[in-house]
Structure formats: C-alpha cells, structure tokens
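The values are calculated or read from the model by the stated rules, or taken from the named source; none is laboratory data. Everything numeric in this text was worked out from a predicted model, so none of it was measured. Every residue, glycine as well, gets a Cβ built from its backbone with ideal geometry; the counts of neighbours run over all protein chains shown. These accessible areas exclude ligands, DNA and RNA; they are computed on the full protein's heavy atoms, side chains included. Shrake-Rupley method; radii C 1.70, N 1.55, O 1.52, S 1.80 Å.
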Amino acid sequence: MNTRTFNTKEFLYYSIPAMIADLGIHIAVFEILLKTYSFTDPADYVLARPRSLYFLIVGFIIASVLVPVRFYVRGAGLKQLLTRAFYQCLLTVGILALSVQILFNSFAGHFLLYEGMASVVLVSICHMLFKSLITAARKRGRNKVHVVIVGEDENAERLAHILGDSAEYADYKLVASLGKDMEMIESYLSSNKVHQLYCSLNPALCPDIVNRVIRLCENLFIDFYYVPNMDGYLRRSMTFSELGPMTVVRLRDEPLSNPLNAALKRSFDIIVSLAFLTTLYPFVWCFVAVGTGISSPGPILFRQKRTGYKGRPFTMYKFRSMKVNADADRLQATADDPRKTRFGDFLRRTSIDELPQFINVLKGDMSLIGPRPHMELHTEVYTKLVDEYLVRHMVKPGLTGWAQVNGCRGETRTTEAMAERVRHDIWYIEHWSVGLDIKIFFMTIAQILAGDRQAY
C-alpha cells in the first residue's frame with residue numbers, strides 16, 4: 001500500500017508551519033551569532049550585510065525543495081524526519097557559505113560551523129515536537145485514515161493483517177473488512193466515515209461489482225485502491241501510463257530517467273570533481289607518486305576496462321597498488337593478496353587508490369554516487385549467474401554506492417554475495433534522490449574514517 005500519498009490538507013496543517021518554524025530558527029540563530037560572535041578576519045564582516053541573510057533564506061528555500069519536510073507522510077519514522085532535517089540544514093548553510101565565498105571572497109568557517117550545528121539541533125527539536133504532537137493526536141483517534149477492505153481472498157487477509165498488527169501503519173485504522181455483497185458495501189460506505197477503500201476483487205471475475213464500488217467511492221469522495229495478486233510476478237515499483245486507448249505498465253520507474261534529475265546529478269558531479277582535481281588532487285598525486293615509485297617499478301596509474309552505463313566499456317583509473325601482474329584483469333584483490341605492495345596496501349585501506357576516478361567523474365564515465373563498476377570478465381560471468389545483474393548498469397557507475405555503505409564492499413566470494421550487492425544497487429536506482437546521494441556521501445566518509453575492514 002502507498003503510505004506516501006500526498007495529502008494537501010496535512011501538508012498545509014503540518015509541513016507548512018514546520019517550514020516556517022525552521023526558517024525562523026535559521027534566521028534567529030544567524031542574527032544571534034552576528035551579535036555575539038567575534039570575527040577575527042575583517043573580510044568576514046560581510047556576513048553582517050543584509051544580502052547574507054537573503055542568501056540564507058534562498059538557501060533554505062532551495063534546501064526545502066530538494067529535501068522537503070514531509071510530516072504528511074504516514075508511516076515515516078522519527079529517524080527519517082531527523083535525517084531529512086540534518087540534510088536540509090546542511091544544504092542551507094552550504095549554499096550560504098558558497099554564496100559568500102563566491103561573491104565576497106570570505107569564508108567564516110567557525111561562524112558557519114556554529115550556525116550549522118545550532119540550526120541542526122534546534123530544527124531537530126522542532127521536528128520532534130511536531131512529530132510528538134501529531135502522534136499524540138493520532139493516539140487519541142484523531143487524524144487517522146479510516147480504511148475499508150473489499151474482498152475475501154488471501155490478499156484481503158494479508159492487508160487486514162498488516163493494518164491490524166503493524167506498528168508502521170498505526171496511522172491507519174481498519175474500520176471494516178467487507179466481502180463482495182454489494183448491498184452491504186453500499187450501506188456501510190454511505191453511513192460511515194471512510195477515507196480509503198482497498199479492493200482485492202479480480203476485475204476479470206467480478207467486473208460489475210468492481211465498477212460499482214469504484215463509482216460509489218467517487219460519489220462519496222473515497223480514495224479507491226486496487227490490490228492485485230502479484231504472487232509469481234516481479235516485485236518492483238511499477239507505473240501505469242496510456243498508449244492510445246491501451247493501458248501499459250512500466251516495470252521500473254527510475255528517478256534518473258527524468259532529465260532534470262539527471263542534469264542535477266551531473267552538475268553536482270562536475271562541480272565536486274572539478275573542485276577536487278584542481279585543489280587537493282595534485283598534492284595527493286605527488287605523495288602517491290613518491291610512495292609508488294619507492295615500493296615497486298611501474299606506472300603510477302593503473303588503467304582497467306570496466307563495464308559502465310548501459311553496458312558500455314570505459315577505462316577506469318586508480319593509483320596502482322599492486323605489482324605489475326598478468327592477473328590484474330581477471331582476479332579480484334583479496335585480504336592477503338601477495339600482489340599488493342606495502343604502500344599499495346595502505347592506499348587500498350584508506351581508499352586513496354580510488355581518487356583518480358574523479359577524472360572519470362569529470363569525463364562523464366562515472367558519477368560520484370552509483371553502483372561500483374566491475375571488470376568486464378566479471379560482468380560476463382555474473383550476467384549468467386545473477387538475475388537482473390545488468391539492471392545495475394541503467395545508471396552511471398560511481399565512486400561509492402548504496403551497496404558499499406551497507407557492507408557489500410571488497411571481494412565477492414560467492415554468487416549470493418554478488419546477488420546481495422546487485423539488490424542494493426537496484427534499490428538505489430529505483431529510490432534515487434538528492435538526499436540519498438548526500439546520505440551515501442557522508443556514510444562513505446564516516447566509513448573511511450572509521451576504517452573499513454573490507455577495504456583491501
């Protein structure tokens with residue numbers, strides 16, 4: 001069932017007041033810091049200009065569009081709301097910092113850090129209060145969605161079990177489970193408060209009843225949902241559209257198939273990769289060049305053909321971490337791989353060996369976030385062993401991905417391990433968002449700083 005249906009009334013009552021409160025917190029924190037913070041660099045006084053406050057407001061508006069507050073989403077947990085609040089604050093302060101740096105050549109790092117930390121804490125508390133108020137109201141029986149189920153099959157029983165026992169759907173109240181007696185259905189819907197009706201009757205077997213239920217729901221302003229029996233079918237996010245008079249089903253709806261989303265992701269890739277390559281990368285190159293030259297003879301960069309977007313091969317760059325060997329394009333690295341040099345082992349454990357892939361990102365072969373690219377030989381092998389393996393190539397490969405931050409990193413010793421990685425990659429493709437990319441980015445940094453045992 002869809003717990004994320006947009007509700008205009010709840011958006012106006014919950015999310016809009018929360019957004020206004022969030023903006024008020026950002027402005028209040030900003031103004032208080034301006035009055036109490038001691039600037040050490042005269043150039044940083046530009047933050048006191050009115051335009052800086054405008055940049056903060058614009059940043060908040062942009063962040064609210066990219067990572068909106070979703071109090072109207074039923075089934076959303078507190079963790080999800082607080083995570084969104086964190087990313088929203090991060091984007092708001094980030095846009096302010098970027099604007100001030102570009103226009104005024106000023107970067108008051110400590111001031112912006114305090115602004116971000118205080119905003120995150122206060123906005124999180126604000127969201128917790130809103131969530132508590134909403135939860136308290138629903139515990140008293142208010143603002144619950146009253147649901148009726150029509151049908152007598154296993155699907156109807158399964159749905160009744162979910163609504164009756166699952167804490168995740170406590171926002172819903174199952175008020176009746178009706179069979180297919182049309183008189184009983186008409187009587188109940190006409191005399192009781194019902195918001196949504198879920199019908200599991202097969203339209204091919206009971207066309208008259210299903211059509212009458214649909215018309216009745218429309219006349220009574222009840223949302224109608226059809227619950228098909230999908231046992232034996234592929235379980236994924238499907239979308240319906242029309243082709244002339246025909247209804248067609250798309251098996252998978254990828255957010256990145258939207259040109260605007262793709263352009264947004266690509267713009268982020270270019271900005272970040274260009275910034276890294278023109279600032280830190282030359283120093284990293286010099287450090288690695290000395291270490292690699294001392295550890296073993298051979299080139300600094302390791303080049304290898306990998307499978308990329310829509311199965312197209314591309315040349316991926318890494319800092320060489322192994323002795324030059326004939327098995328480089330055939331065998332995965334292992335924990336105690338004798339081919340690794342001591343310096344190369346350090347590069348792999350710290351993920352420094354992956355940094356030249358920012359060149360691939362800038363070229364457009366890769367993205368910052370996406371499924372990790374595999375060797376062509378492994379693509380050929382696992383295509384035959386793992387269902388939907390090639391689906392992971394429907395987006396550009398990435399420096400890091402959802403699979404990697406969920407433990408699917410390093411050597412894949414079994415077919416099951418590769419299948420698990422593919423499942424995570426496909427989930428990422430179907431659920432992509434700016435917020436998810438930001439989450440993976442910071443999870444990757446935390447993983448590197450903590451020391452990943454699978455980085456070898």
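LYS384 meets the stated requirement of being surrounded by fewer than 16 Cβ atoms within 10 Å (Cβ to Cβ) and either closer than 18 Å to SER351 by Cα or not hydrophobic (A, V, I, L, M, F, W, C) (or both).
Screening ASP387 on (1) without any contact (Cβ under 8 Å) to a residue 40 or more places away in the chain; (2) in contact with a Ser or Thr (Cβ under 7 Å, 6 or more places away or on another chain) shows it passes everything except condition (2).
Does LYS323 satisfy being among the charged types (D, E, K, R) and crowded, with 18+ Cβ neighbours inside 10 Å? Considered against the rule, which asks whether it is among the charged types (D, E, K, R) and crowded, with 18+ Cβ neighbours inside 10 Å, LYS323 comes out as no. Exactly one residue out of SER257, SER241 is surrounded by 11 or more Cβ atoms within 10 Å (Cβ to Cβ) and at pLDDT below 90, and it is SER257.
Rundown of residues vs (1) modelled with pLDDT of 85 or more; (2) among the basic types (Lys, Arg); (3) part of a helix (DSSP H, G or I), yes/no style:
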position	(1), (2), (3)
SER99	no, no, yes
ILE125	yes, no, yes
PHE130	no, no, yes
VAL147	yes, no, no
ALA160	yes, no, yes
GLU168	no, no, yes
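To keep it simple, each residue is scored yes or no on (1) modelled with pLDDT of 90 or more; (2) of a type in the set (Ser, Thr, Tyr); (3) under 26 Å from ILE426 (Cβ atoms).
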residue	(1), (2), (3)
THR315	yes, yes, yes
ALA326	no, no, no
ASP345	no, no, no
ILE352	yes, no, no
TYR389	yes, yes, yes
ARG392	yes, no, yes
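Determine if segment 424-443 includes at least one residue that is of a type outside the set (Ser, Thr, Tyr) and in contact with a Cys (Cβ under 9 Å, 6 or more places away or on another chain). Yes, there is a match, as at least one residue in segment 424-443 is of a type outside the set (Ser, Thr, Tyr) and in contact with a Cys (Cβ under 9 Å, 6 or more places away or on another chain).
Against the test of being of a type in the set (Val, Ile, Thr), closer than 14 Å to LEU96 by Cα and either open to solvent by 60 Å² or more (accessible area, probe 1.4 Å) or at pLDDT below 90 (or both), the options ILE57, ILE20, ILE32 yield a single qualifying residue, ILE57.
Taken over segment 65-83, the residue count meeting the criterion of being at pLDDT 65 or above and surrounded by fewer than 21 Cβ atoms within 10 Å (Cβ to Cβ) is 9. Being of a type outside the set (Ser, Thr, Tyr), over 28 Å from ASP253 (Cβ atoms) and surrounded by 15 or more Cβ atoms within 10 Å (Cβ to Cβ) is the requirement here; does LEU362 meet it? Yes, satisfied. In segment 332-361, of all residues being assigned to a loop (DSSP other than H, G, I, E, B) and more than 32 Å from the chain's Cα centre (by Cα), the one that is farthest from PRO299 (Cα to Cα) corresponds to ASP336. Within segment 407-429, the residues that satisfy the criterion of being modelled with pLDDT under 90 and either in contact with a Lys or Arg (Cβ under 6 Å, 6 or more places away or on another chain) or buried (at least 17 other Cβ atoms within 10 Å of the Cβ) (or both) are CYS408, ARG409, GLY410, THR412. Closer than 26 Å to ILE440 by Cβ and crowded, with 21+ Cβ neighbours inside 10 Å: does that describe ILE369? When the stated conditions are applied, ILE369 passes them.
Scanning segment 370-384 for residues that are without any contact (Cβ under 8 Å) to a residue 24 or more places away in the chain and among the basic types (Lys, Arg) gives a single hit, LYS384.
Looking only at segment 207-224, decide whether some residue is modelled with pLDDT of 80 or more, closer than 30 Å to SER257 by Cα and touching a Cys at 6+ places or on another chain (Cβ under 8 Å). Within segment 207-224, one or more residues are modelled with pLDDT of 80 or more, closer than 30 Å to SER257 by Cα and touching a Cys at 6+ places or on another chain (Cβ under 8 Å). Taking segment 170-224, which residues are of a type in the set (Lys, Arg), touching a helix residue (DSSP H, G or I) at 6+ places or on another chain (Cβ under 7 Å) and part of a helix (DSSP H, G or I)? Selection gives ARG212 alone. Scanning segment 272-312 for residues that are of a type in the set (Ser, Thr, Tyr) and within 24 Å of ALA326 (Cβ to Cβ), we see that the one that is surrounded by the fewest Cβ atoms within 10 Å (Cβ to Cβ) is SER296. Can you spot a residue in segment 387-396 that is touching a His at 6+ places or on another chain (Cβ under 8 Å) and under 30 Å from PHE287 (Cα atoms)? No, every residue in segment 387-396 fails to be touching a His at 6+ places or on another chain (Cβ under 8 Å) and under 30 Å from PHE287 (Cα atoms).
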